[in-house]
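Written out below as structure tokens is the structure these notes cover.
The values are calculated or read from the model by the stated rules, or taken from the named source; none is laboratory data. Computed from a predicted model, the values in this text were never measured in an experiment. Backbone-built Cβ (ideal geometry, glycine too); neighbour counts: all protein chains shown. In case anyone asks, the SASA skips ligands and DNA or RNA and just uses the protein heavy atoms, side chains included. Shrake-Rupley method; radii C 1.70, N 1.55, O 1.52, S 1.80 Å.
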Amino acid sequence: MTTTHVRRSVIGAAAALLLLFPVLSDNAYYQNMAIMAFLMAIMASGWNIISGYTGYISLGQSAFLGIGAYTSALLAIHLDISPFLAAPVGGVVAAFFAVVLALTGRRTRGIAFVIVSFAFLELTGLLASNWTGLTGGNHGLPLPLPTWDRDVHNWPFYYSLLVLLAVTVWGSWAIRRSKLGIGLLAIHDDESKAEGVGVRADRYKMLAFAASAFPIGIAGGIYGYYVSFLEPAAMFDIVIAMQIVLAAHLGGVGTLWGPVLGAFLLEPLTQLTNQQLSGPDAGAWRLVIYGALLAAVVLFFPKGVLVEGAKWWRRIRGGEPQATAGRRLPDLPATLPASVSERLRPSAGDGALARPLVTVDGLRKSFGGVHAVQDCSFTVERGSITGLIGPNGSGKTTVFNLLDGSLRQDAGTIQLSGRMVHTLARWQRAHAGLARTYQATRVFPHLTTLENLAVASDAFSLGRLRASAISGSEAKRAREWLDFVGMGAYADHPAGQLSYGQQKLVELAQALMLEPQLLLLDEPAAGISPALVERLSAIIRQLNGCGMTVLIVEHNMPMVLSLCDRIHVLAQGRVLASGAPGQIERNPAVLDAYLGGHSAHGATSGATS
Amino acid sequence: MITFKGLVAGYGRAGDILRGVDFAVAEGSITCIVGPNGAGKSTVLKTCSGLLRPRKGQILLGSQDIGGLTPAAILRLGVVQVPQHHGLFPTLTVRENVQLGAYVNRRQRERNRARYEEIAQIFPLIAERANDRAASLSGGQRRTVEFARALMLNPGVVLLDEPSLGLDPKACRQLASSVKALNQQGVTVLIVEQNVRFGLSMADNGVVLEGGRVLHTSGAAELLADPDMGALFFGGTTRETQP
Amino acid sequence: MTELVQTLVFGVLVGGVYSLVASGMNLVFGVMKVVNLAQGAMLILSAYLTYSLWKAVDLDPLLLVLVTAPSMYVVGWATYYLFIERARTTDPAMALVTTFGLALITKGIMALLWGNDQHAVTPAYANRSFTLGSLHFPQAQLYACLVAVAILAGLYALLRYTWLGQSVQAAASSSDGARLIGIEVRKVRAAAFALGVAAAGAGGALLSVLYPFTPSSTDHWIGLMLSIIVLGGMGSLPGSVLGAVLIALAESLTAAYIAPDWATAVPYLVIILVLLARPQGLMGIRLREDMSRA
């Protein structure tokens, strides 16, 4: 029996059991426990989308429960409809608030989001208790009592929450395997790198937060009806927010079923503490127990039951995946697929082809008192391989960071294909046809090689986000590129486990997925074997042969000299000399900058062609 | 004075950067380690100053093995490293930055005060900008302050990590003369330098490091004259890079 | 007009105390980029300590700062080594969740030890005021503000002029640079964390005189601290003084001109609005991890 079979049978059996449970047992205590477990599982699964997949921790997720509950209760009371009918509206309102909150995520990262989510919970709680005209304030808001037979009193709540849970898990699964989901995982691993390959991170996060709030809002409506009395303190409860975090961590953050499992593990404990602890100290003991449990899980068991359990399962079956790092690459670089070379070839005909692809003019950037780049101007001709060389600290990488938008210049302009791009965001530059690799590779370590390529995105639209992460034609394209760089055999390996050289190739293939007009390579040969350097040179030549323009920063002079049509030498943030490799090689100022004392006089004597 | 014996070191779970480094730094000399990017030059200094614990081998200061001691213990023995960059504390003033150089001897107030005055005499910049925040200094000025800070302990050995990085020619020349002046007072200097000509022109001895091993040692002048050197650097053989 | 001036006076006095309360959290964030969500619970814990000591020895509660601050230093030091250091090495977000857990534990322990009833420390001057023309200066607020400003000045001097303070700043700005001059970065971080908790300890003694408190007050105060450092700029000590005074003024103006119930909402509203419009706060440097130096 494979792991997949085991998982399917366990899930199937659990689903059947839960479906039949109210019919088999009319024990109200256990029914209540199940209802509460469903509720917690829905909330933890929702939380998992923003916090588990995306890595933005929300400490105020229970606010959406309260928002959903109050929305549907007020609708039910004022419009005299069933709270069940109003519950979806609660979900929509919760998602709306999530979108507004996510606006703060446009410009801030991690910690700020945690603070915002916490503040939001407290603020909504205060709103509910102070806006007495609407909510009844701290006196509470009674709901109409259910009208159906007492014998099946719990059934509607039980089954509606079970269905909602199934839908939530399905939604979570659908997101996980969509373009949106893979973008979220990439944001979790390395947000700025994700933007560099065209992921519009702010929109992704907004959608994720909305998707995480929506089911909780609906659940709030049903839950409110179930308890039939809404109080701000109980509906906007920080302890529930904490239980959500705890349940997800207990089961396994970032996994599909972990939060559900965690909720089912946690709920009996909640019932037990509710039962065992009574009197004035009950609340205090619950705080101590849950606080300690949260700290202990985070400190000692951060991956959760599901992940640790899966590890244990693999170990007893002796099936740890083979380490791949040492395997040899296939010997010959594959040729570029005809379809790809057709796409890459620049559309001929208009005069634009004669002009440089990139024009950098007067670029300047300083850090504190240090001028990393000053008055830097150069061009990259269309269809060329242009080299950018210079001693350490001469500003090469800073120029790259300015080109791709990971840094904003203090002054100067950058034109790509006649379009000013220096004010664009990183993802916009990726969409405009600019892709790069990094000096120290930055693949998404927790994604597979193929998924790494699937993150790359050259446009943004809601329709695209829904598409499957690795769909037909795109998957084919990704495999073509992987084969082209010689990494086809590693498509399903986690990229973080590949060797350094292999990661370099994957990162290159990832940049190529964007099929950029300009490919920026930051020290592609650093830290890899001579054989791989050879292969890389061959790959670059092939790409260039198909019309791709390449700008390359490299210390390996034989490689630069043999590869490039034209070389710019940087020193102290300025262009010291420009010219063909033969000229550069013999230029005394350049020799001096590399081998000898830095020369400030070189700028005028530099050869220009 | 300092002898590296079979030194093996690396970062985290990654492989070894240094794979058996053997060389000696003569007392009172200026020795310059050169080599292509990623040869392990900075790693040698880091093990020597205690930032990185060697996996194997010894670093003998006289006859004492200092490999694996804490940075504070190594500082007390008179071995001070000037960091590669970002070593200053931007929120503190120039004076405070320099005075922090005597952190391991912070109880000896009188001595520290006197030493600071001496250093402020040697480097006029320190006296002029004493109350400015370090963040306001230019790159070259920062190097000077970092260098001055290293002298607060009256060290016997100074380790310089890429001193020319980001400096203009004038600042480089000033730095070179400071290093030489220091050496004339009997301080042993070990330099790591990317700019080979600059580094070797200051040095008495040169050590060529490649791929985590010593390729060659000789007098600095001979090394500079060696035609193979040009090939090695302009040829840029790169094998491993630091993470 | 008088009412407005009176409100402003009150706001500034409270702002002094708020500054002290928020400074500890800000210090810890500045040094190790960890938001200590347990800081609010530490504050209330110190208020309870003050209450018990005041009942036992009948000393002036404001003087008890001399006891609570050092005690809370020890608590903070132990917390660092037991929890924070381990969590910090895995993931900064995990460290934050850990402090959240610690906050709940502390809240629960306080409820067990002192119950859920409201406590207040009421020295003889609690309800007296100085009068200047038509303005009132409540004595408790005035004394507490003076003590807070004195402690803040001391904290500032400690950070600015002592070896410990300078090594804290050094470790915060350049870990390797600090190690190269022999600073033991780990010990310095523990000291900074403990110092932050000690500042909350001092703040707790002061607030025990000004406001009644229960274990649940924790949430209100943590929100207040967060809003102050978000508004002032995370990691900036002068920023948090400015933030504290502005928040205190906004609260007292809201209480005076809108409704006292809504004053408690001000900090949370400020957090959300500031992070929407100006995430770096008033005096902070931009918090953008992708804008790190190349």
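Go through the stretch C:71-97 and flag every residue whose accessible area shrinks by 40 Å² or more with all protein chains in place compared to the isolated chain (probe 1.4 Å).
Checking the loss per residue gives C:Arg86, C:Met94, C:Leu96, C:Val97.
Which positions within the stretch C:138-164 get 20 Å² or more of their accessible surface covered by the other protein chains, compared to the chain by itself, with a 1.4 angstrom probe?
Residues of the stretch C:138-164 that lose at least 20 Å² of accessible area once the other chains are added: C:Arg160, C:Trp163.
In what order, largest first, do A:Glu381, B:Glu27, A:Glu191 sit by accessible area if the probe radius is 1.4 Å?
Of A:Glu381, B:Glu27, A:Glu191, the descending order of accessible area is B:Glu27, A:Glu381, A:Glu191.
Just tell me which aspartates and glutamates come within less than 13 Å, Cα to Cα, of A:Lys205; anything on the same chain fewer than 8 places away is out.
A:Glu191, A:Glu195
Would you list A:His493, A:His568 from the most to the least accessible area, probe 1.4 Å?
If we order A:His493, A:His568 from most to least accessible, we get A:His493, A:His568.
With every atom except the alpha carbons ignored, what do you get for Rg and Dmax of the stretch A:447-513, in angstroms?
When restricted to Cα atoms, the stretch A:447-513 yields Rg and Dmax of 11.6, 36 Å.
Using alpha carbons only, how many angstrom separate the centre of the stretch C:28-101 from the centre of the stretch A:512-584?
Comparing the Cα centres of the stretch C:28-101 and the stretch A:512-584, I get a distance of 55 Å.
Mind listing the phi-derived Karplus ³J(HN,Hα) values for the stretch B:124-130, rounded to whole Hz, using 6.51, -1.76 and 1.60 with θ = phi - 60°, and x for any glycine or proline?
Values per residue, Gly and Pro as x: x, 3, 4, 5, 5, 9, 3 Hz.
Please compute the per residue accessible area over the stretch A:447-513 with all protein chains in place, 1.4 Å probe, rounded to a whole number of Å².
33 Å²
Determine the share of the stretch A:447-513's accessible area contributed by carbon and sulfur atoms, expressed in whole percent, with a 1.4 angstrom probe.
53 percent
Taking each residue of A:57-70 in turn, how many C-beta atoms of other protein chains fall within 10 Å of its C-beta, and what is the average?
Mean partner shielding for this stretch: 1.
How much solvent-accessible surface does A:Met420 expose, in Å² to the nearest 10, with a 1.4 Å probe and all protein chains in place?
Roll a 1.4 Å probe over it and A:Met420 shows about 90 Å².
Please average, across the residues of B:101-108, the number of beta carbons from any other chain that are within 10 Å of each residue's own beta carbon, and give a whole number.
Counting other chains' Cβ atoms within 10 Å and averaging over B:101-108 gives 3.
Give the peptides C:173-180, A:529-536, B:156-163 in descending order of average Cβ contacts within 10 Å, highest first.
B:156-163, C:173-180, A:529-536
Can you give the calculated 222 nm mean residue ellipticity of chain A, where each DSSP H run of n ≥ 4 adds -39,500 (n - 2.57) and the sum is split over every residue, rounded to the nearest 500 deg cm²/dmol?
Roughly -18000 deg cm²/dmol at 222 nm, from the helical runs in chain A.
Keeping all protein chains in position, work out how much accessible area B:Lys5 exposes to a 1.4 Å probe, and write it in Å² to the nearest 10.
100 Å²
With the radius of gyration and the Kirkwood radius both derived from the Cα set of the stretch C:2-291, what is their ratio Rg to Rh?
0.97
Could you pull out every residue, at least 5 positions away or on a different chain, whose amide H is within less than 5 Å of the one on B:Val21? Hs are placed 1.01 Å off N in the peptide plane, and Pro or chain starts have none.
Residues meeting the criterion, in which the H sits 1.01 Å from N, are B:Gly6, B:Leu7, B:Val8.
Among all the lysines, which ones have a C-alpha under 16 Å from B:Lys46's C-alpha, if same-chain residues fewer than 8 places away are not counted?
Candidates past the 8-residue exclusion: B:Lys5, B:Lys56.
At 1.4 Å probe size, put A:His371, B:His216 in order of accessible surface, largest to smallest.
A:His371, B:His216
Kindly tabulate the residues in the stretch A:548-567 with an accessible-area decrease of at least 20 Å² between the chain alone and the assembly of all protein chains, using a probe of 1.4 Å.
A:His555, A:Asn556, A:Met557, A:Pro558
With a 1.4 Å probe and every protein chain kept in, tell me what percent of the accessible surface of the stretch C:2-291 is carbon plus sulfur.
Result for the stretch C:2-291: 66 percent of the exposed heavy-atom area is carbon or sulfur.
Leaving out ligands and nucleic acids, note down the accessible area per residue over the stretch A:3-315 with a 1.4 angstrom probe, in whole Å².
I get 38 Å² per residue for the stretch A:3-315.
Can you tell me the orientation of helix A:110-130 relative to chain A, as the angle in degrees between its alpha-carbon axis and the longest Cα principal axis, to the nearest 10?
Between helix and principal axis, roughly 30 degrees.
Excluding ligands, DNA and RNA, what is the solvent-accessible area per residue of chain C at a probe of 1.4 Å, expressed in Å²?
Here the per-residue accessible area is 38 Å².
I'd like the accessible area for C:Asp261, computed on protein heavy atoms only with a 1.4 Å probe and all protein chains in place. Round to 10 Å², please.
100 Å²
Whole number please: convex hull volume per residue of the Cα set in chain B, in Å³?
Expressed per residue, the convex hull around the Cα atoms of chain B is 122 Å³.
For B:Lys41, what is the net charge nearby, where nearby means another residue's Cβ is under 11 Å from its Cβ and Lys, Arg count +1, Asp, Glu -1?
With Lys, Arg at +1 and Asp, Glu at -1, the net is -3.
Which value, in square angstrom to the nearest 100, describes the accessible area buried between chains A and B on both sides, using a 1.4 angstrom probe?
For chain A against chain B, roughly 2000 Å² becomes buried.
Going by amide H atoms built from the backbone, whose H comes under 5 Å of the H on A:Leu570, apart from near neighbours?
The list, which skips near neighbours in sequence, is A:Ile389, A:Gly390, A:Leu576.
For chain A, take the longest principal axis of its alpha carbons; what is the angle in degrees between that and the long axis of helix A:472-485, to the nearest 10 within 0 to 90?
40 degrees
Tell me whether chain A comes out rounded, prolate or oblate; compute the Cα gyration tensor, take square roots of the eigenvalues as a ≥ b ≥ c, and use a/c under 1.5 as the rounded threshold.
prolate
Would you please give the residues with an amide H less than 5 Å from that of A:Thr549, counting only those at least 5 places away or on a separate chain, with H modeled from the backbone geometry?
A:Gly383, A:Leu519
Mind grabbing the base-10 log of I(q)/I(0) for the stretch C:63-144 at q = 0.13, 0.17, 0.25, 0.27 Å⁻¹? Debye formula, identical points on the C-alpha positions, no solvent, two decimal places.
After summing over all Cα pairs, the log10 values are -0.69, -0.89, -1.18, -1.22.
Please report, in debye to the nearest 20, how large the charge dipole of the stretch C:2-291 is about its Cα centre when each Lys and Arg carries +1 at its beta carbon and each Asp and Glu carries -1 there.
With only Lys, Arg, Asp and Glu charged at Cβ, the dipole is about 600 debye.
Using only Cα atoms, tell me the angle between helix A:62-79 and the longest principal axis of chain A; keep it within 0 to 90° and round to the nearest 10.
50 degrees
Buried accessible area for the B:C pair, summed, 1.4 Å probe, in Å² rounded to 100?
About 2000 Å² of accessible surface is lost on pairing.
Can you give the calculated 222 nm mean residue ellipticity of chain C, where each DSSP H run of n ≥ 4 adds -39,500 (n - 2.57) and the sum is split over every residue, rounded to the nearest 500 deg cm²/dmol?
Mean residue ellipticity at 222 nm (helix-derived): -24000 deg cm²/dmol.
Give me the summed buried accessible area for the A-C pair, 1.4 Å probe, to the nearest 100 Å².
4400 Å²
Hey, could you grab the Kirkwood Rh for the protein assembly as shown? Inverse mean 1/r over distinct alpha carbon pairs, Å, one decimal.
32.6 Å
If you take the square roots of the eigenvalues of the alpha-carbon gyration tensor of the stretch B:41-86 and sort them as a ≥ b ≥ c, do you get rounded (a/c under 1.5), prolate (a/b over b/c) or oblate?
oblate
Ranked highest first by the average count of other Cβ atoms within 10 Å around their residues, in what order do A:45-54, A:252-261, A:581-590, B:71-80 fall?
A:45-54, A:252-261, B:71-80, A:581-590
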